[in-house]
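Quick notes on the structure that follows.
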Amino acid sequence: MPAEWKAAFNLRGGGKNKEDSRMLAVLRYPHAADFLKRKKDAGRAEALLIAAYGARKVGREEENLDIPD
């Protein structure tokens with residue numbers, strides 16, 4: 001459910017939220033910045049944040065998420 005993971009990252013709904021998600025993902029995962037540099041990469045950013053939320057929810061450290069080179 002979008003409201004749940006977005007609330008965990010203090011993100012709001014709406015179109016501006018896509019850019020907010022992208023910027024947050026770049027800040028949290030600077031090693032993934034090359035995959036998230038375009039505005040249209042917001043979907044990738046949200047996928048990364050959803051994965052981090054899921055990992056945290058099942059008790060795994062989100063820092064263990066591997067980003068392929």
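The values are calculated or read from the model by the stated rules, or taken from the named source; none is laboratory data. Computed from a prediction, not measured in an experiment: that's the story for all the values here. Quick reminder, even Gly has a Cβ in these numbers, built from the backbone with ideal geometry, and neighbours come from all protein chains shown.
Observations, loosely collected:
- Selection from the stretch 37-58 of residues that are surrounded by 13 or more Cβ atoms within 10 Å (Cβ to Cβ) and not aliphatic (A, V, I, L, M): Asp41, Arg44, Glu46, Tyr53, Gly54, Arg56
- Count of residues meeting criterion [closer than 13 Å to Ala52 by Cα and modelled with pLDDT under 90] in the stretch 8-35: 2
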